[in-house]
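Novice: This is the structure I have questions about; it appears just below.
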Amino acid sequence: MTLPRYKDIVDLIKQGNTAEAQKQILALREAALELQEENAELKEKIGRLEEELKDRLVFEKGVYYLEDSGSKEGPYCQRCYDKDTKLVRLQDDGDHWFCYGCSHGYPKVPYSPPV
Ligand SMILES: [Zn+2]
């Protein structure tokens, strides 16, 4: 789909070619409608995928894991996911997990307050 350009339509009107200008405006309207429909479909698809992802996401000891038919992937950064809905894989840094996305570190064993 090639969209008629606004500048071309203005030029047509300036040239007094209103019939062609009208044709182009109609084509532009049709294209806008198609894009609106496509946009709605994509939003719906994103919503579905986000729901699917939420179902598979497990919060464990301060970090996220993705569960997929029995196997577990990760860990992923809690901060990046909760803030930007981004799954950023954490890097093994000895006794910490480290996130290159937000430079946040997570202790592998969560802090437990003294009893
Ligand atoms: Zn992060």
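Novice: If N is the number of residues in the chain, what value comes out of its Cα radius of gyration divided by 2.2 N^0.38 Å? Spell out each step's value before the answer.
Specialist: On the way: Rg = 25.5 Å, N = 115, 2.2 N^0.38 = 13.4 Å.
For the chain, the normalised Cα radius of gyration comes out at 1.91.
Novice: Right, here's the next one. For the chain, what relative contact order do you get, as a whole percent, if you take Cα pairs closer than 8 Å and at least 6 residues apart? Display every interim value, and only then the final one.
Specialist: Numbers: 104 pairs, mean separation 13.8, N = 115.
About 12 percent, as a whole number.
Novice: What number, rounded to the nearest 500 deg cm²/dmol, is the helix-based mean residue ellipticity at 222 nm of the chain, given -39500 (n - 2.57) per DSSP H run of at least four residues and division by all its residues?
Specialist: Numbers: 3 runs with 55 residues, N = 115.
Helices in the chain give a 222 nm mean residue ellipticity of -16000 deg cm²/dmol.
Novice: Where in region 42-96 are there trypsin sites (Lys or Arg not before Pro) that are in a DSSP coil and have at most 14 other Cβ atoms within 10 angstrom of their Cβ?
Specialist: Working: sites: LYS43, LYS45, ARG48, LYS54, ARG56, LYS61, LYS72, ARG79, LYS83, LYS86, ARG89; in loops: LYS61, LYS86.
Here the trypsin sites (Lys or Arg not before Pro) that fit, given the DSSP loop and packing criteria, are LYS61, LYS86.
Novice: Same structure, new question: Keeping to pairs on different chains or 8 or more places apart, tell me how many lysine pairs in the chain have Cα atoms under 20 Å apart.
Specialist: 16
Novice: Alpha carbons only, please: Rg and Dmax for region 61-107, in angstrom.
Specialist: Radius of gyration, then largest Cα-Cα span, for region 61-107: 10.4, 31 Å.
Novice: What three numbers, in Å, describe the spread of the alpha carbons of region 6-50 along their principal axes, ordered from the longest?
Specialist: 51, 15, 6
Just so you know, all these numbers are worked out from the coordinates, no wet-lab data involved. Computed from a predicted model, the values in this text were never measured in an experiment. So basically every Cβ, Gly included, is an ideal-geometry build from the backbone, and we count neighbours across all protein chains shown.
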